[in-house]
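Any read-out appearing in this document is the output of simple, stated calculations on the displayed coordinates, not a laboratory observation. If you're wondering where the values come from, they're calculated on a predicted model, not measured in any experiment. Here the Cβ positions follow ideal geometry from the backbone for every residue, glycine too, while neighbour counts run over all protein chains shown.
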Amino acid sequence: MPSSLHSSLFGALLFTLLAGGLVLYTPTLSSPTSPAASPPALDPAVSDTATFAGGCFWCMEPPYDAVEGVAATLSGFSGGTEVDPSYREVARGNTSHTEVVQVIYDSTQVSYERLLRLYWHNVDPFDGNGQFCDRGSQYRPAIFSHNARQYRLALQSRAQVAGRFDQEIAVGVVPFDAFYAAEPYHQNYYTKNPRRYKNYREGCGRDARLREIWGEAAGTDAPLSSPQ
């Protein structure tokens, strides 16, 4: 076939395909520095927010995502002075932030008290210098209260926990100031990378330590005042 005819036929075919709406799918990857997706909207009359630091934020999302009435969890950073830090900056200990999970929930379906019970049973309350295998102030545990009621209830829950143990409780209860979402690839990490997440969690000894502290209540929303 002459090259000129070949070129003409190829050009006509290409035009026909494009005109007919042929779309070639090219997968795109989210930029690791782009903002995290916004949480689902709730009626402002019932929507509430809680913020907890319990070590690696990957591990703090699953307990809350399983609760009916929780609309979303977001991994991020709080407790520091730096504006909009990156994960790398926080993980390297170059900021005053700690890793947190922010919980958006329907207050008519789930109470803040229940979220607190879940929090305590998913942390080591005696370790103020990190959590499990993650060490440093960037993994320090804390409850960030968004209002006076949350502050009061958080203090009450800490007193209940303190009444069960002889060791000093290292979890701070501090007023919430700001939250900065982590990069998108950190959000819902346990669902995106289940094998890597499982290996990390097991290797970190998180569940073994929780069972050692809390017994059968580990990871649950069981009453805080119940015996071990």
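Here are the numbers for this structure:
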read-out	value
Inter-part distance where the range 148-219 and the range 53-81 are each reduced to a Cα centre, Å	9
Hz values of 3J(HN,Hα) by residue in the range 81-89 - Karplus curve (6.51, -1.76, 1.60), Gly and Pro given as x	9, 6, 8, 6, x, 8, 4, 4, 5
Packing-based exposure ordering (other Cβ within 10 Å, fewest first) of T191, T220, T51	T191, T220, T51
Per-residue HN-Hα couplings for the range 145-157 [Karplus 6.51, -1.76, 1.60; θ = phi - 60°; Hz; x = Gly/Pro]	8, 8, 7, 5, 5, 4, 4, 5, 5, 5, 5, 5, 5
Sites N129 and S107, calculated FRET efficiency, Cβ-Cβ separation with R0 30 Å, nearest 0.05	0.35
Under the Karplus curve 6.51 cos²θ - 1.76 cosθ + 1.60, θ = phi - 60°, whole-Hz ³J(HN,Hα) for the range 71-77, x wherever Gly or Pro sits	7, 6, 10, 10, 8, x, 9
Cα gyration tensor shape of the range 138-228, rounded if a/c is under 1.5, else prolate or oblate by comparing a/b with b/c	oblate
Placed amide H near E183: partners under 5 Å, 5+ positions off or other chain	Y87
Computed FRET value (nearest 0.05) for K198 with D65, which takes r as the C-beta separation and R₀ as 22 Å	0.90
